[in-house]
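Below is one structure, written out as C-alpha cells; the observations come after it.
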Amino acid sequence: MLTIIGQHVNLREFWSGDAAWLVRVMARGSWWKWDAPWEGRPTEDELRRVPVRIEAMIHEGASPPRRMIIETRAGSPIGTVSRYWVEERTQWMEVGVGIYAARHWGRGYGPEALALWVDHLFEALDLRRIGLRTWSGNERMVRLARKLGFRQEAAFREAYATANRTYDRVAFGLLRREWKRVRRSWGS
C-alpha cells in the first residue's frame, strides 16, 4: 500500500473504511463553498454513491492511485488529493487537493500535500506537465498554485455564477523542468 510521508501530513491509499469518513465530511461543513459553490452542498444521492466509487477505485488498482487520503502525521484523515489525465498521449495530467474541515485550513496542510503529490506524480509517471484548475474566487487555491510554481495559463471569463456574482475559471500549468527548479529552491 502506497504511503507518501511528509513533514506534517502523509498521503495514503484509500481503505474501504474511508468511505464513511468521506461521506460524513462531505455532508457537513462549508468546504463545498471553496470547491464549487455554484453546485451547492452534495445531494443525498451523490453521498450514497461515494462508497461505491471508493470501492471501485480501490479495486481498480491504478498506479499511482487516482485519489489518496491526506492525513495528519497522527493518522487523522483531513482531505484528499486527486489526479486525472487530460491527454495521456501528450503526458498532461491535472491534479486537485481538498481539505474538508475548516479547523484544518490555514495550517499548511494543503500546500504540503499538493507538493508531495506533484513530486510523486512527476517521479512515478512520464509526465511533461501537470495542470490545476480552479475558480477566481478561491484565493487560497490560486495562492497555492503560484506558491508551488504553477503559472496561470488561461482565464475563462465569467465561467461560473452564484446568486451574487460571476467568477472566472483559471487554469494553471507546471512543467517538469519548472518543478525541478521549485524543488531545489525548497531544498528537497
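Select, from 55, 71, 39, the only residue that is of a type in the set (Asp, Glu), in contact with a helix residue (DSSP H, G or I) (Cβ under 8 Å, 6 or more places away or on another chain) and not in a loop (DSSP other than H, G, I, E, B). Exactly one residue qualifies, and that residue is 55.
Only one of the listed residues (140, 83, 66) is under 22 Å from residue 9 (Cα atoms) and buried (at least 18 other Cβ atoms within 10 Å of the Cβ). That residue is 83.
Run down 137, 96 and say which single residue is out of contact with any Gly (no Cβ under 7 Å at 6 or more places or on another chain), at pLDDT below 95 and either closer than 20 Å to residue 30 by Cβ or of a type in the set (Lys, Arg) (or both).
137
Tell me whether segment 27-40 contains one or more residues that are over 14 Å from the mean Cα position of the chain (by Cα) and over 22 Å from residue 167 (Cβ atoms).
Looking for residues that are over 14 Å from the mean Cα position of the chain (by Cα) and over 22 Å from residue 167 (Cβ atoms), one finds at least one in segment 27-40, hence yes.
Can you find even one residue in segment 153-174 that is within 26 Å of residue 9 (Cα to Cα) and without any contact (Cβ under 8 Å) to a residue 24 or more places away in the chain? Looking for residues that are within 26 Å of residue 9 (Cα to Cα) and without any contact (Cβ under 8 Å) to a residue 24 or more places away in the chain, one finds none in segment 153-174, hence no.
Against the test of being within 19 Å of residue 14 (Cβ to Cβ), among the basic types (Lys, Arg) and modelled with pLDDT under 95, the options 73, 103 yield a single qualifying residue, 73. Do we have residue 117 as modelled with pLDDT of 95 or more, closer than 17 Å to residue 73 by Cβ and either within 14 Å of the chain's Cα centre (by Cα) or not polar (S, T, N, Q) (or both) here? Judged against the criteria, residue 117 is a match.
Selection of first residues in segment 13-35 that are closer than 30 Å to residue 136 by Cβ and of second residues that are among the polar types (S, T, N, Q) and not in a helix (DSSP H, G or I), restricted to Cβ pairs under 6 Å at least 6 apart or on distinct chains, gives the following pairs, ordered by first then second residue: 34/138.
The values are calculated or read from the model by the stated rules, or taken from the named source; none is laboratory data. These figures come from a predicted structure and were not determined experimentally. FYI the Cβ positions are ideal-geometry reconstructions off the backbone, even for glycines, and counts take in every protein chain you see.
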